[in-house]
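All remarks here apply to the structure that follows.
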Amino acid sequence: MDARFVGIAELVEAPSVAVVVDVMRAFTVAGWAFAQGAEKIVLAESLDEALALKARHPGWVALKDGPPAPGFDAVNSPGRLRSVDLGGRTVVQKTTAGTVGALAVKEASLVLCAAFVVAEATARVLRARGCDGVTFVVTGEEGRADEDLACAQYIAERAVGADVDASEFLRRAGESRAAAELTERVRKGVHHDDVALCLELDRFPFAMVAALEDSLMVLRPYAVPSPADGTSN
């Protein structure tokens with residue numbers, strides 16, 4: 001498999017297959033939203049669009065980066081979201097990096113959104129599809145976020161069936177600038193368990209696939225193929 005690792009700004013055209021990685025915290029949060037029962041997640045272009053969608057659909061749950069704000073129901077924190085019952089609900093998510101990255105590749109034939117919590121499931125989808133070339137979009141810090149790059153590199157290794165030790169990749173993520181900013185509460189809307197939750201490997205058994213639905217980019221959980229595919233776990 002030919003794996004490319006690029007920042008959002010380096011995307012000059014839509015790749016065929018894209019894995020958009022945001023470990024801290026957008027796609028860790030997305031994983032938790034599905035675990036808490038959410039049916040789908042609409043990835044919003046802007047805060048204004050998120051609020052407009054919420055206004056048209058009062059039953060939807062809108063969340064954003066940073067501190068709580070009028071019109072939004074939740075913040076982009078796995079620690080805060082894990083206690084929220086989202087059974088059957090639609091979530092509208094707008095973040096600084098993750099949602100931007102997913103929207104940047106919305107024309108790709110396959111878009112997977114990923115973090116460590118769904119790493120193996122994501123790799124299994126890539127293996128099952130037999131993807132020859134995959135573009136990993138490192139969303140944080142203009143493509144330099146080590147937590148996102150580490151996760152992307154780990155998934156790329158697992159996607160070709162390599163029996164790789166995850167500990168070094170998780171260490172890099174835990175020592176990243178984003179982890180430090182969350183720990184030190186430089187970022188707002190933080191729960192004290194957020195970093196630990198973002199470093200949980202394979203917490204969830206599903207992958208997350210984003211696709212255009214009626215002009216909106218919609219993320220849904222995706223049941224992974226059986227592990228009986230001839231590769232190690």
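The values are calculated or read from the model by the stated rules, or taken from the named source; none is laboratory data. Since we're looking at a predicted model, the values are computed, not measured. Because the Cβ atoms are built from the backbone with ideal geometry, glycine has one as well, and the counts that use them run over all protein chains shown.
The residues on offer are Ala173, Ala162, Ala128, Ala156, and the sole one that is over 23 Å from Val42 (Cα atoms), at pLDDT below 95 and in a helix (DSSP H, G or I) is Ala128.
Pairs meeting the criteria (first residue in region 73-90 and touching a residue at least 12 places away in the same chain (Cβ under 8 Å), second residue among the acidic types (Asp, Glu) and surrounded by fewer than 19 Cβ atoms within 10 Å (Cβ to Cβ), beta carbons under 7 Å, at least 6 apart or on different chains) are Gly79/Asp193; Gly88/Glu39; Arg89/Glu39; Thr90/Glu39. Restricting attention to region 1-35 and to residues that are in contact with a strand residue (DSSP E or B) (Cβ under 6 Å, 6 or more places away or on another chain), of a type outside the set (A, V, I, L, M, F, W, C) and buried (at least 18 other Cβ atoms within 10 Å of the Cβ), the residue that is nearest to Leu110 (Cα to Cα) turns out to be Pro15.
Quick check: anything in region 41-49 of a type in the set (Gly, Ala, Ser), closer than 10 Å to Gln93 by Cα and modelled with pLDDT of 95 or more? Checking region 41-49: at least one residue is of a type in the set (Gly, Ala, Ser), closer than 10 Å to Gln93 by Cα and modelled with pLDDT of 95 or more. Name the single residue that is modelled with the lowest pLDDT among those in region 2-24 being of a type outside the set (A, V, I, L, M, F, W, C) and more than 14 Å from the chain's Cα centre (by Cα). So, considering only residues that are of a type outside the set (A, V, I, L, M, F, W, C) and more than 14 Å from the chain's Cα centre (by Cα), the one modelled with the lowest pLDDT is Glu13. A single entry from Val186, Val195, Val160, Val190 fulfils the requirement of being of a type in the set (Val, Ile, Thr) and under 21 Å from Arg124 (Cα atoms): Val160. For region 25-64, filtered to residues that are closer than 16 Å to Ala102 by Cα and among the charged types (D, E, K, R), the residue that is nearest to the chain's Cα centre (by Cα) is Arg25.
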